[in-house]
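The values are calculated or read from the model by the stated rules, or taken from the named source; none is laboratory data. What you are looking at is a predicted structure, and each value in this text was computed from that prediction instead of being measured. Cβ atoms come from the backbone with ideal geometry, glycine included; neighbour counts cover every protein chain shown. Protein only, heavy atoms only, side chains kept; ligands, DNA and RNA dropped before computing areas. Shrake-Rupley method; radii C 1.70, N 1.55, O 1.52, S 1.80 Å.
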Amino acid sequence: MTHDHDLVLRPTAAQTEAALNPPPGRNGGDLVVETLAGLGATTVFGLPGQHALGMFDALRRSDLRYIGLRVENNAGFAADAYGRITGEAAPLLLSTGPGALTSLAALQEARAASAPVLAISSQVPTAGLGGGRHGYLHELPDQAASFRGVVKSVHTVRTQSQIPSAIAEAWTSALTVPHGPVWVEIPQDVLLAETAVPVVTGGDTFPEELPPRPELTAVAADLLSRAERPAIIAGGGVVRADASKKLRQLAERLQAPVVTTFGGKGAFPWTHPLSLQSWLEDRHTTDFLEDADVLLVVGSGLGELSSNYHTFRPRGRVIQIEADLGKLESNHPALGIHADARLALQALLETVGERTDPAAPERVRAVLDKVRERIASQELTLEQDVLAAVRRALPPGAPSFWDMTILAYWAWSAFDAEAPNAMHSAQGAGGLGYGFPAALGAAVADPTHPVLAVSGDGGALYSIAELATARQYDLNVTWLIVDDGGYGILREYMTDAFGQPTATELTRPDYVALAESFGVPGVRTSPKTLETDLAKALAAPGPSVVVLPAVLRMFAPTHLD
């Protein structure tokens, strides 16, 4: 009798031949690239360094496409976006010490946003491992410790035979929900030494699924079926799980209004009669959600931004579906369901009863009318006109990537993403410099659409070097830089708190001339001509820069009232 777990995959004749007669001149780096190719990778991002040269030399002997950025953190952002767009683990090749550490902020964003990034770093030679102070270049007492609190898992290789298994294990970790970044480190001597390990010809991995516990979904379905005022908060977990259609089916069956978090933009149709859109930083929305007798939270931990800065106090029963166990019930008591959003929503669809509530769309319209009235009272026409111009200029299907800047904060609440997985920002970890390098990664992932990046001038200065990357690979990214001469949002925060700003003003370059010095077309626009100039830039192939000199203001917060 044969059991499934007794089955052994027999090598093909070609695999046997490759194993018995490997080509000459292979090293540990070849094992890295062969394993990546065997797992299905086609593209890698990174930046070479002295200890990592074995990996980069091996790229020359592989079919993997290499996209080299100018700063390791930007390479991490590009890999993050590639992982978000494709749903695949994005390999990120880095060197030891300073090169590795420079990627930390990008990996923190990937962890917060559940983006699958497979970071592979070199290490000091094997003799330097173990915490001693040997004086190797780039040496850290414990390099892995610097990443352990940031990534999902850490994998240290000590011999060449460990390379395929370690990378496959990391790949599985990155793609097991919740997706996220993982870290593999390989010593320099292991990468450089000639190898007798056969050519890696296979690499199938099977990330574990995370189904909901049936007794919990049964209780959740009963609560939702009997609710009088159900509502739904849809977070980034819905987008990452590709569960938007199931969310819509459930909302319509329950007649439950839906608000999407900033990370969940596009998870629910913006103009749907049940859509509360994304006005989470508005007290009218907060009041509405607090009044729900059953609140279903899917793929969100109800963190600071998703809870109107922790002023949200639900009065009804909360059901929380979350793949990240650490986020489950971390902010509010709930019926916690540890599960992938897609599988949990499917289970609810199979068991929940259908509700009728003709008044639900009317209640949604009433909330949105109150939000619009509040914004209209603040004389913020410029900001709304600029955001509307960007929306009109962006072609259907074109993704956008937003840095931490005032226009992005507006977009979190007021921008129609038009589709799931189409609008991305650095709101997970909140670091500057995300927009442009992430957009480059998205353009590599899908060259069939133009990609928009949006930055302020402060965030743009983090990424100027990547204009060379955009030109080198002729990536179809248009970069909108809103130039207000400083860190605009910090200027507002400090003025409100202390009466005047400090350390927020910036001497900045001529961004148009700077772009053109890289061979990238640039244009200076105005609020009146923004739509035309931006649409023209997006329609032209290759990279471009559009600079908008403007001082924008944020709408007033409600969490301080």
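Tabulated data
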quantity	calculated
Set 493, 434, 487: member being aromatic (Phe, Trp, Tyr) and surrounded by fewer than 22 Cβ atoms within 10 Å (Cβ to Cβ)	493
Elements of type helices (runs of 4 or more DSSP H) in the range 233-307, at least 3 residues being over 21 Å from residue 339 (Cβ atoms) and open to solvent by less than 10 Å² (accessible area, probe 1.4 Å)	283-290
Restricting the range 324-349 to residues that are among the small types (Gly, Ala, Ser) and buried (at least 24 other Cβ atoms within 10 Å of the Cβ), the residue that is nearest to the chain's Cα centre (by Cα)	341
Any chance residue 446 is modelled with pLDDT under 95 and surrounded by fewer than 22 Cβ atoms within 10 Å (Cβ to Cβ)	no
The range 427-456 residues that are more than 19 Å from residue 535 (Cα to Cα), paired with ones that are open to solvent by 30 Å² or more (accessible area, probe 1.4 Å) and of a type in the set (Ser, Thr, Tyr) (beta carbon under 7 Å, 6 or more apart)	432/462; 433/462; 445/86
In the range 384-403, the residues that are in contact with a helix residue (DSSP H, G or I) (Cβ under 6 Å, 6 or more places away or on another chain) and surrounded by 14 or more Cβ atoms within 10 Å (Cβ to Cβ)	387, 389, 393, 399, 401, 402, 403
Residue check for residue 334: free of Cβ contacts under 8 Å to residues at least 60 places away in the same chain and in contact with a strand residue (DSSP E or B) (Cβ under 6 Å, 6 or more places away or on another chain)	yes
Test set (1) free of Cβ contacts under 8 Å to residues at least 60 places away in the same chain; (2) touching a Lys or Arg at 6+ places or on another chain (Cβ under 7 Å); (3) under 16 Å from residue 26 (Cβ atoms) - residue 173 fails condition number	(3)
The lone exception for residue 217 - which of (1) more than 18 Å from residue 333 (Cα to Cα); (2) crowded, with 21+ Cβ neighbours inside 10 Å it fails	(1)
Only listed residue being under 27 Å from residue 429 (Cα atoms) and surrounded by fewer than 17 Cβ atoms within 10 Å (Cβ to Cβ), chosen from 181, 207	207
Among (1) surrounded by fewer than 22 Cβ atoms within 10 Å (Cβ to Cβ); (2) in a strand (DSSP E or B); (3) not hydrophobic (A, V, I, L, M, F, W, C) - the single one residue 132 does not satisfy	(2)
Helices (runs of 4 or more DSSP H) fully within the range 25-107 counting 3 or more residues that are surrounded by fewer than 24 Cβ atoms within 10 Å (Cβ to Cβ) and without any contact (Cβ under 8 Å) to a residue 60 or more places away in the chain	53-59, 98-101
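Conditions tested, residue by residue: (1) under 30 Å from the mean Cα position of the chain (by Cα); (2) within 30 Å of residue 394 (Cα to Cα); (3) of a type in the set (Lys, Arg); (4) part of a helix (DSSP H, G or I).
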| residue | (1), (2), (3), (4) |
| --- | --- |
| 496 | no, no, no, yes |
| 501 | no, no, no, no |
| 509 | yes, yes, no, no |
| 513 | no, yes, no, yes |
| 516 | yes, yes, no, yes |
| 520 | yes, yes, no, no |
| 523 | yes, yes, no, no |
| 528 | no, yes, yes, no |
| 534 | yes, yes, no, yes |
